[in-house]
């Protein structure tokens, strides 16, 4: 009984409720926005000079002859079962298509994200801890530059330098048999991953840097050092723990941003991922694909936010109100 | 005025001036195709011409106009929506405020570019779609910040006293809250200006921004990829200008922060 | 950038009476070539699905036509038709019954025998109400198809049609027992369909039990790109061996080395400024002529294609038998344009909306036309339209004043004989000439009639035919045997060898 009423569990329940309701809200928004697209979704099923009977059948097939609320609940029910219907253009199942694209997008996003963290932690720390030295300033300056560069432009420059000039990595594309040729697959992800990682790392560096500065200037660090702890020990024991909580909530947001970076970079490097699928679908007004990709992305973003909040709560139980857990 | 502020103001001033100027005068009109195909830079065409013989320098300036328009309008719309929502939330009772903040958190976490793609899917690619999406993204960030700052101010003793004496909330906002929070808001907004420019360039690069012949820097970069061997300037200039602009805006934000509150700026 | 990737524009304008004159000028040479090579083809035209009656698009033709799927007849480079799955045919005296004999012992790659029932099924599939194939209308003359025995097909027509055999060469013979035409393919061709990763690549492998001459390479992989730059980069880095269509002459500078071969073949793709001939001001012949004369097509062709591409002055590409150079009929002459405008009652010009697809070269063309027409006082309002909007507003609803569009096929002059087509050109003489040409008894009679019709269409400036695209193929220099013309996006891969 006690554990069921512990603050963490109460928090978890409340946070889950918010997760579900915001997912519902997001799908309503998605539904409304997509229904704003001019023309009937059945249009694409029809050939020129379709008879009224054919039009009726096509409207029935896509369900656009039902009342809106009914359409919505039917649609919502399908979405939460990951049934996104079939593409208006290719006629194949959207969920199959979307999940097969995840094989590129998920590794691309995750690897870039972890690489960005790996870069940002030492760089951010050094640029704060050694901010009086020239290399601290340089690192800080570079990260300022990094956040100002459009991610696709970095990609273009990388292609010209590493693929066309030095010819060390492919300029784009993904092996026909995908991860069955692991070496080729990894090689084709090197440049896209580096592109995203560099840009993401730049924005993470700022957070790590200011978190480090906060910790360096804090009382408990000074106290533990005064008590005779070694500096590195003090940092690990108190600094990381106190610095980590705000950074984790930022990471949640930044992971979502990394995913967007992936969407753009996939186009630059001609990778068969979710992003290139979405852009193609938008150009072709392929509703079911658009809603499938956007629903899944929203779901991903919400779940990441949920996990980040939860993790932060576990690390730093002193936070009593989740709404204040994020730094403005 | 500190160095950062001076440097950034001269950068931003140049951009504002050239894009404002472009409304009245351009070296060549946008539909002037009198030049030759892909001319090299010369006195007639400072940065050469594009495939159609249009002056590239003029196209770049028009591109700066688009960034400035997008930046200013999105920041204004985002500020209006965001600050009002944030104030409302700041005054709201706890439960309502919690729900509201939770949704704001989600909106913030939801990437602007995805939102923009959704809007483009619904409305078609246009400058308005891009502005709409970016403004929404900005307003979420602003709303959250305003709410936080409002709560902080509302907790102060003199406000409690004012509320107890029956001062209307509108008066409280005007007299006590806005004067206390506007500096922080301005800093946040100038950072968002840079992000808006980057977002618009990304959308245009993907072909989801302002449709041709409007030459946003993103679409100029997209076009230039094709002719990078014959006209390398076209693939470098728009990107470089965008970087300079965003760095300028970020410097401006830092400089402002330092000026308004030297202790806050201390982390630089 | 993307040429006709939209499903409807392909199926609508692409196709129809048009043809796949697969001019396979087979390059010779190549010694010590391995028959186990894999040929990597780079393309911008990924299929939407693998069914050419289901809106598969031009990519499906490029990948599967002649490689995986075969037709009764095959088109040769001189426009003549030869037997492929058919061994011959006879025509009844009234010209209404075609009896076609089939090759015996032909099998689909799945192992099932190909019979007359499959042919009947395939033709009916193209004609069925759910078919999105635009060929449908050109096959309108077909009344019935029967299969009296396993190796005979009888096609009955409603009216005489000289293009029947030619039209049958578009119809892929598919396995009537196949369940799925969208995601997989079971044909009788020299390759087996192996796999397709959407957004990335499509793989074909040699069919070792092929009934004809086996393919000279072991497999063909089509790599798909959405931007021309990425495609060219793939060739530069060796990720692909050949690029089927180069999109701009600037890209060619990168390939100016002994490592690559650049060929300039024949294309049938035309860029049109199509007027709505039904509505003012373009219902006046003089206005159309004035606009045509006010635009310097030559300069525009040069700005887009440098030294490549051709001016034809009409809808008819040089590969059509009824081609004549008509560039002199409405010459570029601003003075003439002004006089014609004045005579038409618009001495001060007018303003019109130009519906412009958002992908290259249309926006550039629109900007160019705008600046050219400004010189004669005409104001152009450029209105960007998506493929969908173009299809619904321009193509279906005819709600436009003028538009830019690419028309990819050969033999598509016939559209000027159809007053209900989107541009609404209505000249009863032309319509009669074009209808007569279809029921003509000989090719020379057909040619003469169409030449006459074409001249009339051009004299009335029904549209402004801006230019004919070049067809530039770039391949690694160790490659040979590839098609140079790839008309209507056909790409026969079976003769390609890698040294």
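Available extension along the chain between residue C:374 and residue C:396 is 4.9 nm, counting 0.36 nm per residue and deducting the alpha carbon span.
A simple spin-label model places the labels of residue A:161 and residue A:20 5.0 nm from each other, with each point 7 Å out along Cα-to-Cβ. R0 = 22 Å: FRET efficiency of residue C:156 with residue C:128, Cβ-based, nearest 0.05? With a Förster radius of 22 Å, E is 0.80.
Here the translational diffusion coefficient of the protein assembly as shown follows from Stokes-Einstein with Rh set to the Kirkwood radius across Cα pairs; for 10 °C and 1.306 mPa s it amounts to 50 µm²/s. For the residues of C:380-392, the average number of beta carbons from a partner chain within 10 Å of their own beta carbon is 4. For segment B:122-157 versus segment C:309-376, the inter-centroid distance based on Cα atoms is 49 Å. Across peptide A:209-216, the mean count of Cβ atoms from other chains lying within 10 Å of each residue's own Cβ comes to 1.
Per residue, the average separation of C-alpha pairs within less than 8 Å and at least 6 apart gives segment A:96-287 a relative contact order of 34 percent.
Here the scattering of segment A:55-138 is modelled by Debye summation over its C-alpha atoms, one equal scatterer each and no solvent; at q = 0.14, 0.16, 0.25 Å⁻¹ the log10 of I(q)/I(0) is -0.69, -0.78, -1.14.
Applying D = kT/(6 pi eta Rh) to chain B, where Rh is the Kirkwood radius over alpha-carbon pairs, T corresponds to 25 °C and eta to 0.890 mPa s, the Stokes-Einstein value obtained is 120 µm²/s.
Using bins of 5 Å that start at zero, the share of Cα-Cα pairs per bin across segment B:43-121 amounts to 3, 12, 11, 15, 13, 11, 10, 7, 6, 5, 4, 3, 1, 0, in whole %.
Decide, for segment C:204-279, between rounded, prolate and oblate: order the square roots of the alpha carbon gyration tensor eigenvalues as a ≥ b ≥ c, take rounded if a/c falls under 1.5, and otherwise choose prolate if a/b is larger than b/c, else oblate. Judged from the Cα gyration tensor, segment C:204-279 comes out oblate (a/c at least 1.5, b/c at or above a/b).
In plain terms, the residue of B:193, A:76, B:260 with the fewest other Cβ atoms within 10 Å comes first and the most crowded comes last, giving B:260, A:76, B:193. Fully extending the segment from residue C:257 to residue C:436, taken as 0.36 nm per residue of separation minus the present Cα-Cα distance, adds 59.3 nm.
With all pairs of different C-alpha atoms in the average, the Kirkwood value for the hydrodynamic radius of segment C:69-168 is 14.0 Å. Distance between the pseudo-spin-label points of residue C:83 and residue B:186 (7 Å out from Cα toward the beta carbon): 8.9 nm. Against chain C, whose longest principal axis comes from its Cα atoms, helix C:428-438 is set at around 20 degrees. As I understand it, the value is the acute angle between the Cα axis of helix C:285-294 and the longest principal axis of the Cα atoms of chain C; what does it come to in degrees, rounded to 10? For C:285-294 against chain C, the angle is about 80 degrees.
Across segment A:96-287 the C-alpha pair distances fall into 10 Å bins from zero in the proportions 9, 30, 29, 18, 10, 3, 0 percent.
Between residue A:32 and residue A:80, the FRET efficiency estimated from the beta carbon spacing at R0 = 22 angstrom works out to 0.80.
In the P(r) worked out for segment B:1-144, what percent of Cα pairs fall beyond 27 Å? It works out to 46 percent of all Cα pairs. For segment C:146-285, what does the alpha-carbon gyration tensor say about shape, rounded, prolate or oblate, given a ≥ b ≥ c as the root eigenvalues, a/c under 1.5 as rounded, and a/b over b/c as prolate? Since a/c reaches 1.5 but b/c is at least a/b, the shape of segment C:146-285 is classed as oblate. I'd like the orientation of helix B:232-260 relative to chain B: the angle between its Cα long axis and the longest Cα principal axis, in ° from 0 to 90, rounded to 10. Its long axis makes an angle of about 20 degrees. Summed over qualifying helices (DSSP H, 4 residues or more, each -39500 (n - 2.57)) and divided by its residue number, the protein assembly as shown shows a 222 nm mean residue ellipticity of -16000 deg cm²/dmol. Sorted fewest first by neighbouring Cβ atoms within 10 angstrom, C:401, C:245, A:137 come out as A:137, C:401, C:245. Mind running the shape call on segment C:270-468? Use the C-alpha gyration tensor, a ≥ b ≥ c as the square roots of the eigenvalues: rounded below 1.5 for a/c, prolate if a/b tops b/c, oblate otherwise. Cα axes put segment C:270-468 in the rounded bin. Computed over the alpha-carbon atoms, chain C gives an Rg to Rh ratio of 0.97, Rh here being the Kirkwood radius from the mean inverse distance. Cβ-to-Cβ counts within 10 Å put A:167, B:1 in ascending order as B:1, A:167, the fewest first. Between B:255, B:86, B:53, find the one with the highest GNM mean-square fluctuation for chain B; connect C-alpha pairs within less than 10 Å. Fluctuation is largest for B:53.
With the cut-off at under 20 Å, measuring from each backbone N in segment C:204-224 to a point 7 Å along the Cα-to-Cβ line of residue C:104 picks out C:210-213. Across segment C:209-241, the residues whose backbone nitrogen lies under 15 Å from the label position 7 Å along the beta-carbon direction of residue C:38 are C:217-224, C:238-241.
Under 8 Å for C-alpha pairs, at least 6 residues apart: give me the relative contact order for chain C, rounded to a whole percent. 24 percent. Apply 1/(1 + (r/R0)^6) to the Cβ-Cβ distance of residue C:264 and residue C:447, taking R0 = 35 Å, and write down the FRET efficiency to the nearest 0.05. Computed FRET efficiency for residue C:264 and residue C:447: 0.85. At 7 Å along Cα-to-Cβ for each site, give me the label-to-label distance between residue C:350 and residue B:69 in nm. Between residue C:350 and residue B:69, the simple spin-label model gives 2.9 nm.
Read-outs throughout are calculated quantities, based only on the coordinates presented, and are distinct from any laboratory measurement. Just so we're clear, the structure is a prediction, and the values are computed from it rather than from any experiment. FYI the Cβ positions are ideal-geometry reconstructions off the backbone, even for glycines, and counts take in every protein chain you see.
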